[in-house]
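Values in this text are rule-based calculations from the coordinates and carry no lab data. In this text the structure is predicted, and so the values were computed from the model without any measurement. Positions of Cβ are generated from backbone atoms using ideal geometry, with glycine treated the same way; all protein chains shown enter the neighbour counts.
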Amino acid sequence: MKALVINGPNLNMLGIREPGIYGSDSYAELERICHEAACELGFAEVEVFQSNHEGTIVDKIQGALGHFDGIVINPAAYTHTSIAILDALKAVNLPAVEVHISNVDAREEFRQISYAGMACFARVTGEGLAGYRHALALLADRLHSK
């Protein structure tokens, strides 16, 4: 099994950006958690990717086809705005899990809309960075049941 973890805009600023919402751990800690969890869950490979650019994220999703078995995605602010990311996820048709560090459902009204989530079979929110471990476990379960 191979997994691609995609992170959207401003997640590279973890630990600096609004620590009251996103915590004080760095992006490097997020990467560590993903690699550790993937190893424990039996993934042969996991790539953790971050971009602040919508088109680059779309390109990464499209490039996953034929190389990865599933995707964990935190589109960040693009969650609520990007039909292009939704369409890319639908186009590659790989099992995908949406993850958010904060509890987006308890935040501003505009954060209640998730376009990317419309192409995902599961959603993890409000678990901090541990949510990535949970999302990878959900993905592993889905891939094992195929």
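Some observations on this one:
- Proximity of backbone amide H atoms, modeled 1.01 Å from N, is registered between S102 and G126 at under 5 Å, excluding neighbours fewer than 5 places apart on the same chain.
- Neighbourhood charge, 15 Å Cβ-Cβ cut-off, centred on E47 and excluding it, Lys, Arg +1 and Asp, Glu -1: -2
- Secondary-structure-derived ellipticity at 222 nm for the chain, considering helices only, amounts to -11500 deg cm²/dmol, per-run term -39500 (n - 2.57) for DSSP H runs with n ≥ 4.
- The GluC sites (Glu not before Pro) found in region 105-146 that occupy coil by DSSP, while having at most 12 further C-beta atoms within 10 Å, are E108.
- Amide H contacts under 5 Å for I73, placed H, 5+ residues apart: I6, V97, E98, V99
- Of all the options T125, T81, T56, the one that moves most in a Gaussian network model of the chain with Cα springs shorter than 10 angstrom is T56.
- Gyration tensor (alpha-carbon) shape descriptor, region 12-104, a/c threshold 1.5: oblate
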